[in-house]
Every structure is written in structure tokens, then in C-alpha cells.
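A short worksheet on the structure shown next.
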Amino acid sequence: MLSEGGKIDIFTKDGNRYGVRDQLNHGQPTTDHFPAGSKGETVKNPPVQLMSNIDYINDREIFTPLWQRARECMERVSFTPALEVLHYDSSNLGTQIFHDLIRNIAAFNGTGDFAVVVLNPDPFNYFNLHFGKYPGFIVEAQHTNDDFFEILMRDPGDSPADAIGFYSEQYAVLPILGEWFFYADRGRDGGTGVLGGPPDVMQFAQQRFGFYENPV
């Protein structure tokens with residue numbers, strides 16, 4: 001039964017109110033309202049293993065515009081002079097310091113929200129075909145570090161090796177609103193990624209992360 005705020009009331013077989021499950025919280029209990037015991041005492045929450053509040057993108061209409069933007073960034077890198085972008089190791093995506101950098105840039109130039117989108121392997125003819133979802137996710141400002149790393153390494157469906165953190169030969173990190181981007185190709189120049197954006201973003205980033213010395 002839906003209650004106010006788009007949440008679902010859960011009842012036990014005898015009609016007692018068991019708790020509230022939020023539709024956007026992967027069905028996990030979000031309150032401490034459990035049926036009272038035989039003497040009227042409150043029963044404590046049973047241990048619950050919470051999943052990340054971030055999920056793979058399931059809607060093609062949400063994924064496709066992000067994928068198109070990611071492809072535009074990939075194409076832009078191909079004709080942008082090397083000295084106009086900052087270079088980093090593409091494997092940094094799975095590190096805390098790089099995650100902090102993304103968060104800081106997203107807050108500096110944007111709303112704090114950003115998306116991670118995989119371009120290779122093929123999002124449509126491989127990933128969606130096998131797993132019924134798309135290789136990308138959106139991180140909002142209120143999401144935690146644990147949320148980010150959990151979705152990065154999450155098994156998309158009986159294939160842990162296809163988690164984005166393991167199998168993303170080409171990926172992009174894009175602000176939901178903003179003028180910067182990260183693009184990485186693990187098979188290019190030893191796995192080099194680049195950051196592109198306006199001068200203030202580039203200066204901001206250089207002060208917070210050890211980028212490679214740009215090639216001449």
C-alpha cells in the first residue's frame with residue numbers, strides 16, 4: 001500500500017505494520033517502525049545488508065543522451081592538442097583520490113551530480129543484450145563514497161568480470177550540468193585518460209591531483 005511520499009507500507013500476515021520501504025531505496029527498510037512484542041516492547045530492526053543507493057541505468061531514454069555526450073567527448077579528444085587537456089592513468093577510476101577529484105570538480109563546475117558511462121564494450125549490442133540494462137550510472141551529490149565504489153564493482157548479472165570497474169575499455173565521466181569531462185581509453189597510450197574543460201576547471205583540477213606531465 002502506498003503511503004504519503006511515494007513509500008510503501010509493509011504489513012505482516014496478522015495485519016501489523018512491519019515498516020516502510022522506499023521505492024527508490026532498493027526495497028530496504030528505511031524506518032524503525034516494527035510490530036510490538038507480546039508485552040508491548042518494540043522489536044529492534046533485524047540486521048539488513050544495504051545495497052548502494054546508485055543503480056545501473058535501466059532506461060534507454062536516460063542512457064542514450066549520456067552515451068551521445070560521451071561519444072562527443074571521445075571525438076573531441078581526437079582533435080584537441082595534447083597541451084589543452086590533462087592526462088591521467090585510466091585505472092584511477094577505482095581510487096579514492098580520483099573519486100574525490102571528480103566530486104570536487106562536479107561541485108566546482110556543476111550541481112555536484114555526475115554520470116559514468118561506458119562506451120566499450122558496446123552498451124547496446126553487448127551489455128544491454130546480455131544484462132538487460134546499460135553500462136552507466138548517475139552519482140548525485142548526496143551519495144556516499146561507498147555507494148560509488150559498490151556500483152562500480154557490482155556484478156551486472158551472473159558475470160562479476162563485467163562490472164564497470166573491471167570491464168570498461170573506454171569510459172567517460174560527465175557532469176549532469178557542467179562544461180568538463182573525463183575520457184579514458186585503456187588501450188590507448190598505455191591506458192591514458194584525459195580531462196578537458198574550461199581554464200578555471202583545469203586550474204582547479206591541477207591544484208588537487210597529480211596529473212601526468214603533458215606530452216609536448
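With every protein chain kept in place and ligands, DNA and RNA left out, what is the accessible area per residue of the range 50-203? Probe 1.4 Å, answer in Å². Let's see the in-between values first.
Values: 6900 Å² over 154 residues.
On a per-residue basis, the range 50-203 sits at 45 Å².
Computing the accessible area with a 1.4 Å probe over protein heavy atoms, can you report the carbon and sulfur percentage for the range 84-131? Please report the intermediate quantities before stating the final value.
Values: 840 of 1790 Å².
Reported share for carbon and sulfur atoms: 47 percent.
Once R0 is set to 25 Å, what does the formula 1/(1 + (r/R0)^6) return for the Cβ-Cβ distance between Thr80 and Asn120, expressed as a FRET efficiency to the nearest 0.05? Write down the numbers at each step before the final one.
Details: r = 20 Å, r/R0 = 0.79.
That pair, Thr80 with Asn120, gives E of 0.80.
What ranking, highest mean first, results for peptides 180-187, 66-73 when packing means the other Cβ atoms within 10 Å averaged over each residue?
On the way: 180-187: 22.0, 66-73: 18.2.
So the order, starting with the most tightly packed, is 180-187, 66-73.
So how much slack lies between Glu72 and Thr144, counting 0.36 nm per residue of separation and subtracting their Cα-Cα distance, in nm? Each step should come with its number before you reach the end.
Working: separation 72, 0.36 × 72 = 25.92 nm, distance 2.88 nm.
The span from Glu72 to Thr144 would gain 23.0 nm if fully extended.
Using the alpha-carbon centroid of each, what span in Å lies between the range 76-90 and the range 93-164?
Taking the Cα centre of each part, the range 76-90 and the range 93-164 sit 21 Å apart.
Positive end of the dipole of the range 95-216, charges at C-beta (+1 Lys, Arg; -1 Asp, Glu), about the Cα centre: which of Leu195, Phe127, Val117 has its Cα farthest in that direction?
Leu195
The values are calculated or read from the model by the stated rules, or taken from the named source; none is laboratory data. No experiment lies behind these values; they were computed from the predicted model shown. For neighbour counting, all protein chains shown are included, and Cβ atoms are generated from backbone atoms with ideal geometry for every residue, glycine included. Surface areas here come from the heavy atoms of the whole protein model, side chains and all, with no ligands, DNA or RNA. Shrake-Rupley method; radii C 1.70, N 1.55, O 1.52, S 1.80 Å.
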